[in-house]
1. Please work out which one of (1) more than 19 Å from GLN20 (Cα to Cα); (2) modelled with pLDDT of 85 or more is the condition LYS254 fails and give its number.
2. Any residue at all in region 31-49 that is free of Cβ contacts under 8 Å to residues at least 12 places away in the same chain and either among the charged types (D, E, K, R) or outside any loop (DSSP other than H, G, I, E, B) (or both)?
3. Where the second residue is modelled with pLDDT of 90 or more and basic (Lys, Arg) and the first is under 15 Å from LEU195 (Cα atoms) and surrounded by 20 or more Cβ atoms within 10 Å (Cβ to Cβ) and lies in region 150-169, which pairs have Cβ atoms under 9 Å and are six or more apart or on separate chains?
4. Surrounded by fewer than 17 Cβ atoms within 10 Å (Cβ to Cβ), among the hydroxyl-bearing types (Ser, Thr, Tyr) and in a helix (DSSP H, G or I), is that true of THR197?
5. Among the residues of region 72-87, is any within 18 Å of the chain's Cα centre (by Cα) and either at positive phi or surrounded by 11 or more Cβ atoms within 10 Å (Cβ to Cβ) (or both)?
6. Being of a type in the set (Lys, Arg) and in the same structural domain as GLN20 (by TED's automatic domain parsing), is that true of even one residue in region 63-84?
7. Would you mind finding the one in ARG60, ARG91 that is surrounded by 11 or more Cβ atoms within 10 Å (Cβ to Cβ) and basic (Lys, Arg)?
8. So LYS131 clears everything in (1) among the charged types (D, E, K, R); (2) free of Cβ contacts under 8 Å to residues at least 12 places away in the same chain; (3) surrounded by 13 or more Cβ atoms within 10 Å (Cβ to Cβ) except one condition, right? Which one?
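The values are calculated or read from the model by the stated rules, or taken from the named source; none is laboratory data. This structure is a prediction, so every number in the text was calculated from the model and none was measured. For neighbour counting, all protein chains shown are included, and Cβ atoms are generated from backbone atoms with ideal geometry for every residue, glycine included.
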Amino acid sequence: MKLTAYTDTGRKSSVTVSDQVFSAQPNDQLLAQAVRVYRSNLRQGSSHVKTRSEVKRTKRKWYKQKGTGNARHGARSAHIFIGGGVAHGPRPDQNWKLKLSKNQKNKSLTLALSAQTPHTSLVSLSSIKGKTKQATQLLSSISAQGRILLIIHQASPEVFRSFQNIADVLLTKASKVNVLEIASADTILIQKEALKTLEERIIKTEIEVKKTIKKATKKVAEKKKIVKSPKGRSLQFGGQALSERKAVRKTSKKKK
């Protein structure tokens with residue numbers, strides 16, 4: 001697959017990139033799950049509402065038990081009254097942390113990059129020398145609009161100083177970029193040096209995941225191997241140790 005590339009002067013060209021990273025089959029369910037996990041993990045968890053026991057109101061019985069025609073109530077702090085406590089509201093001890101497996105993280109990152117491929121371009125930042133004017137000219141020459149995500153190879157003071165005062169521009173490293181940053185961007189610019197790092201990161205993780213899955217399936221297969229008992233019957237590992245002991249006891253009794 002090919003992506004649009006721009007030189008320092010804004011000249012347009014094309015670069016061939018990995019189909020494994022930028023042309024994955026769509027999976028909206030996994031992508032939505034990954035975005036939800038990242039957004040949930042950003043929550044501070046400091047939201048707090050008062051229950052009826054924490055509301056500072058009188059606990060005196062509102063009106064007499066019988067004869068009024070109203071329902072029976074003992075205090076005005078109940079959640080059904082204005083000024084009362086809140087039922088089932090957020091509490092500061094609530095845990096909002098969610099997790100994704102290593103395989104899900106890697107796949108969702110590939111899905112996000114593939115979905116944003118039409119809005120993704122490669123840029124060269126060699127001419128950026130710490131001037132905001134140069135960065136603004138570069139963005140205008142390539143018609144970058146909306147929220148811009150700039151993926152760089154490594155932290156550079158000159159690049160950071162050039163883009164830090166431009167609104168709606170987020171800088172991140174290729175080794176740390178996540179699904180939420182990619183999915184929420186309108187335009188994605190990847191430094192040419194960062195492209196190789198990004199592709200290696202995704203492909204390397206995928207190979208590691210495949211090796212881990214292969215080892216796990218091999219262990220499961222080994223546990224399910226059939227073993228011959230002393231009496232000639234087949235016994236399986238995993239929960240069959242007791243029946244094997246019984247078979248050994250029976251053969252020992254016969255010998256006596």
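1. (2) is the only condition that LYS254 fails.
2. So far as region 31-49 goes, yes, one or more of its residues are free of Cβ contacts under 8 Å to residues at least 12 places away in the same chain and either among the charged types (D, E, K, R) or outside any loop (DSSP other than H, G, I, E, B) (or both).
3. ILE151/LYS173; ILE152/LYS173
4. Considered against the rule, which asks whether it is surrounded by fewer than 17 Cβ atoms within 10 Å (Cβ to Cβ), among the hydroxyl-bearing types (Ser, Thr, Tyr) and in a helix (DSSP H, G or I), THR197 comes out as no.
5. No, region 72-87 has no match at all.
6. There is no residue in region 63-84 that is of a type in the set (Lys, Arg) and in the same structural domain as GLN20 (by TED's automatic domain parsing).
7. ARG91
8. Tallying (1) among the charged types (D, E, K, R); (2) free of Cβ contacts under 8 Å to residues at least 12 places away in the same chain; (3) surrounded by 13 or more Cβ atoms within 10 Å (Cβ to Cβ), LYS131 fails exactly one: (2).
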